[in-house]
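What follows is a set of notes on a single structure, which appears directly below.
The values are calculated or read from the model by the stated rules, or taken from the named source; none is laboratory data. Everything quoted here is computed from the prediction, not taken from an experiment. Cβ: placed from backbone, ideal geometry, glycine included. Neighbour counts: every protein chain shown. The accessibility values were calculated without ligands, DNA or RNA, using every heavy atom of the protein model including side chains. Shrake-Rupley method; radii C 1.70, N 1.55, O 1.52, S 1.80 Å.
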Amino acid sequence: MRVLIVEDDMALAHGMATHLQAQGIAVEALDDGMAAQHRLAAGGIDMALIDVGLPGLSGYELVRGIRARKLPVAVILVTARDALSDRIYGLDLGADDYLAKPFELSELSARMRAVARRVGHLARTELSFGALKMDIEDHQATLLGEPMTLTGREWALLAALVEAAGRTVPKERLVADGSPNAVEVYISRLRPRLEVAGLVIRSVRGFGYRLEQRDADAPVRH
């Protein structure tokens, strides 16, 4: 499942993104309603977590546009506006749920799972690529049938690559803690562990990375 966070409080957006990435969820974040509208129109987003008070275009207007265009996106409004009238208005516009700030990240995850079940955007509980298998629900990964021990960041990065199924993932979607260099560190840690199963993390210069299955006779190239 790919999630778009639309939140102009950068500290909160970062906290939400970090929490979700640690669960193997691919996350993008934007702080402007108009930018979010263009990103959603481009497709590929399964769920949007949208603040109401946004620059450019309000969260309410963003939800109205999503439903008017019949985009297949589940929506949770995440906002400090917790009056009953605000909740009713947001739900009537087409939001699938309404979460008032402040909130616990564990509640956010639970609401996302509930919405995913309810609207049919069911996230796969298992990802696989060649001999690598990742159980998202239990947070367990195996390679050639043997358990892998992964840090939260390694898990999130690897899950994003596996979910892309051989397509290139832009580097900015893999950035951890705001540092592009951190991604390179995690990639360098994962590469030798995956190569024993014939899996290669390929660098795509100027863009990102992709996971590939190496032919038995092919040399290893990064």
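Which of the residues spanning the stretch 54-77 are of a type in the set (A, V, I, L, M) and either open to solvent by less than 30 Å² (accessible area, probe 1.4 Å) or outside any loop (DSSP other than H, G, I, E, B) (or both)?
Within the stretch 54-77, L54, L62, V63, I66, A68, V73, A74, V75, I76, L77 meet the criteria.
Among the candidates A35, A29, which residue alone is open to solvent by less than 50 Å² (accessible area, probe 1.4 Å) and of a type in the set (A, V, I, L, M)? Before you say what the answer is, go through the steps one by one.
Values: A29 fails: open to solvent by less than 50 Å² (accessible area, probe 1.4 Å).
The conditions single out A35.
Would you check if Y89 is in a strand (DSSP E or B), touching a helix residue (DSSP H, G or I) at 6+ places or on another chain (Cβ under 8 Å), farther than 29 Å from V185 by Cβ and of a type in the set (F, W, Y)?
no
Quick check, is Y186 in a strand (DSSP E or B) and either modelled with pLDDT under 80 or within 21 Å of L20 (Cβ to Cβ) (or both)? Break it down stepwise before answering.
Working: in a strand (DSSP E or B): no; either modelled with pLDDT under 80 or within 21 Å of L20 (Cβ to Cβ) (or both): yes.
Criteria not met by Y186.
Report whether or not I45 is without any contact (Cβ under 8 Å) to a residue 60 or more places away in the chain and in a loop (DSSP other than H, G, I, E, B).
Here the answer is yes, as I45 does meet what is asked.
Quickly run through the stretch 87-97 and pick out the residues that are in contact (Cβ under 8 Å) with a residue 24 or more places away in the chain and open to solvent by 40 Å² or more (accessible area, probe 1.4 Å).
Residue satisfying the conditions is Y89 alone.
Is it the case that A17 is without any contact (Cβ under 8 Å) to a residue 24 or more places away in the chain, surrounded by 15 or more Cβ atoms within 10 Å (Cβ to Cβ), assigned to a helix (DSSP H, G or I) and under 19 Å from the mean Cα position of the chain (by Cα)?
So A17 fits the description; yes.
Residues in the stretch 155-168: is at least one part of a strand (DSSP E or B), at pLDDT below 85, more than 21 Å from V73 (Cα to Cα) and touching a strand residue (DSSP E or B) at 6+ places or on another chain (Cβ under 7 Å)?
Filtering the stretch 155-168 down to residues part of a strand (DSSP E or B) leaves none.
For the stretch 155-168, residues part of a strand (DSSP E or B), at pLDDT below 85, more than 21 Å from V73 (Cα to Cα) and touching a strand residue (DSSP E or B) at 6+ places or on another chain (Cβ under 7 Å): absent.
Checking the condition open to solvent by less than 40 Å² (accessible area, probe 1.4 Å) and either over 19 Å from the mean Cα position of the chain (by Cα) or within 19 Å of D46 (Cα to Cα) (or both), which residue from A141, A100, A165, A80 passes? Can you show your working first?
Working: A141 fails: either over 19 Å from the mean Cα position of the chain (by Cα) or within 19 Å of D46 (Cα to Cα) (or both); A165 fails: open to solvent by less than 40 Å² (accessible area, probe 1.4 Å); A80 fails: open to solvent by less than 40 Å² (accessible area, probe 1.4 Å).
So the residue among A141, A100, A165, A80 that is open to solvent by less than 40 Å² (accessible area, probe 1.4 Å) and either over 19 Å from the mean Cα position of the chain (by Cα) or within 19 Å of D46 (Cα to Cα) (or both) is A100.
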